[in-house]
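The next block holds one structure in the form of structure tokens; read it before the comments.
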Amino acid sequence: MPSYIPDDVERREHAAWDEVWSGELYEGAIAFITSLSGQTEIAIELGDITSDSRVLDVGCGPGLLSESLAKHAASVDGIDFSETMFEHARRRRSGATIRVENAEALPFEKEEFDVAVCCYTSHHFARPEMVYTELKRVLKAGGRVVVLHPIQAENAAFGAIFQTLGDVFPPEKMETFPELGGSLFEVETPEPYIELLSNCGFIDVVCEKRLKHCSLPNDDALVNATVQIGKVEEQSNELRDAIVRATAASSAQYKQADGSYLFPDNILVAKGVKPGR
């Protein structure tokens, strides 16, 4: 695994999410993979979320998962470090409380939450140990932390999008996309999360690899994601046509008989419990 300097990770992540990946871009181009393809059900299952649960959604982005979880929990607080994400969430979301906060120093009292969820965000943390130690502080005794971590090399939906980008755009264009990820970015096996959560004081820690499909009725979302990420102008019909063709090629193996797509995305799911009950 490469060596990561926390301050550099933090600087890159802030720049990327505030200056490049706006809330609107994220929701339109990425959220169908990261928030809307079974994440709610997995979080409820692992976190044992009920109508009495107070939930903290860490790295909530534009608040899609927060809003979804709010339909099942007593309350949901979503936090994100990006002002851009917050503004988008503030305009678009309801049902959850969204705020700009640093996960390394949460503004909550001890033992406020029953469940903390880190969905597709843990690999962006500059200092994961600080975040998970802080989450343990704000969880009640017996509270659960839940992690959903995308395995980068085994995420077929993202792979199709970025293969399309690589097929359509020249290398110099690809180099302009921001570098993302901290020390957990390339984690592919359960052991690092078991060690991390255990070292941060959680008990009954489990982590497993799980197949989580991303299902789409057609390839419109993939084309739209490539168009938005690549910042293709409306009038660029030739480039749009190239994207449509490249998308069809990159996702052909996942196309079903009825024209829909089923992407086999592998993720890690982890859970730890705060001791004391």
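The values are calculated or read from the model by the stated rules, or taken from the named source; none is laboratory data. Predicted, not measured: the structure shown is a model, and the values here were computed from it. Don't worry about glycine lacking a Cβ; one is built from the backbone with ideal geometry, like all the others, and counts go over all protein chains shown. Accessible surface is based on the protein model in full, side chains and every heavy atom, while ligands, DNA and RNA are left aside. Shrake-Rupley method; radii C 1.70, N 1.55, O 1.52, S 1.80 Å.
Using only the alpha-carbon atoms, how far is helix 220-229 inclined from the longest principal axis of the chain? Give it as 0 to 90 degrees, nearest 10.
Once rounded, one gets 90 degrees.
Just add up the charged neighbours of ALA157: K/R +1, D/E -1, any other residue whose Cβ is under 14 Å from the Cβ of ALA157.
Cβ neighbours under 14 Å give a net charge of -2.
Can you give the charge dipole size of region 1-79 about its Cα centre, rounded to the nearest 20 debye, using +1 on the beta carbon of Lys and Arg and -1 on the beta carbon of Asp and Glu?
Values: 4 positive and 15 negative charges, 23 e Å.
With Lys and Arg at +1 and Asp and Glu at -1, about 120 debye.
Could you sort THR164, THR84 by their accessible area in this structure, using a 1.4 Å probe and putting the largest first?
Listed by decreasing accessible area, they come as THR84, THR164.
Out of the trypsin sites (Lys or Arg not before Pro) in region 161-216, which ones are loop residues according to DSSP with at most 16 other C-beta atoms within 10 Å?
Here no trypsin sites (Lys or Arg not before Pro) fit, given the DSSP loop and packing criteria.
Quick one: order GLU186, GLU154, GLU41, GLU238 from most to least accessible surface, probe 1.4 Å.
Descending order: GLU238, GLU41, GLU186, GLU154.
Just to check I understand the Karplus step: with θ = phi - 60° and J = 6.51 cos²θ - 1.76 cosθ + 1.60, what whole-Hz values come out for region 52-59, glycine and proline as x?
9, 7, 9, 10, 10, 9, 9, x
Using each residue's phi in region 4-17, evaluate 6.51 cos²θ - 1.76 cosθ + 1.60 at θ = phi - 60° and report the 3J(HN,Hα) Karplus result to the nearest Hz, with x for Gly and Pro.
10, 9, x, 5, 5, 4, 4, 5, 5, 5, 4, 5, 5, 7
In region 88-117, what trypsin sites (Lys or Arg not before Pro) fall in a loop by DSSP, with at most 15 other Cβ atoms inside 10 Å?
Passing both the DSSP loop test and the Cβ count: LYS110.
Mean separation of Cα pairs under 8 Å and 6+ residues apart, divided by the residue count of region 13-91: what relative contact order is that in percent?
37
In region 1-82, which trypsin sites (Lys or Arg not before Pro) fall in coil by DSSP and have 13 or fewer other Cβ atoms within 10 Å? If you can, show how the numbers build up before the last one.
Numbers: sites: ARG11, ARG12, ARG54, LYS71; in loops: LYS71.
Here the trypsin sites (Lys or Arg not before Pro) that fit, given the DSSP loop and packing criteria, are LYS71.
Per residue of the chain, what 222 nm ellipticity follows from adding -39500 (n - 2.57) for every DSSP H run with n ≥ 4, rounded to the nearest 500?
Numbers: 12 runs with 108 residues, N = 277.
Using -39500 (n - 2.57) per qualifying helix, the result is -11000 deg cm²/dmol.
At a Förster distance of 30 Å, what's the computed FRET efficiency of LEU36 paired with GLU111, Cβ-Cβ distance as r, to 0.05?
0.45
Pairs of lysine in the chain with Cα under 14 Å and at least 8 positions apart or on different chains: total?
Pairs that pass both the separation and distance tests number 8.
Output ³J(HN,Hα) for region 116-130: one whole-Hz value per residue in order, computed from phi by the Karplus curve 6.51 cos²θ - 1.76 cosθ + 1.60 with θ = phi - 60°, and x for Gly and Pro.
Computed from phi, the couplings for region 116-130 are 10, 10, 10, 9, 6, 10, 4, 6, 9, 5, 6, 9, x, 4, 5 Hz.
Given the options PHE81, PHE169, PHE158, which has the most mean-square fluctuation in a GNM of the chain, springs set between C-alpha atoms less than 10 angstrom apart?
Ranking PHE81, PHE169, PHE158 by mean-square fluctuation puts PHE169 first.
How many percent of the accessible area of the chain is carbon or sulfur, using a 1.4 Å probe? It would help to have the intermediate numbers written out before the result.
Numbers: 6020 of 12450 Å².
C and S fraction of accessible area: 48 percent.
How long is the gain from ALA252 to ASP167 if the chain were fully straight, where each residue apart is worth 0.36 nm and the alpha carbon distance is subtracted?
29.2 nm
Would you please give the residues with an amide H less than 5 Å from that of GLY143, counting only those at least 5 places away or on a separate chain, with H modeled from the backbone geometry?
LYS274
Amide H to amide H under 5 Å from CYS214: which residues, 5+ apart in sequence or cross-chain, H placed 1.01 Å off N in plane?
It is PHE263, ASP265, by chain and number.
Normalised by the number of residues in region 92-152, what is the relative contact order in percent for Cα pairs under 8 Å and 6+ residues apart?
That works out to 43 percent.
To the nearest 20 debye, what charge dipole does the chain have about its Cα centre, counting +1 at the Cβ of each Lys and Arg and -1 at the Cβ of each Asp and Glu?
In total the dipole reaches around 700 debye.
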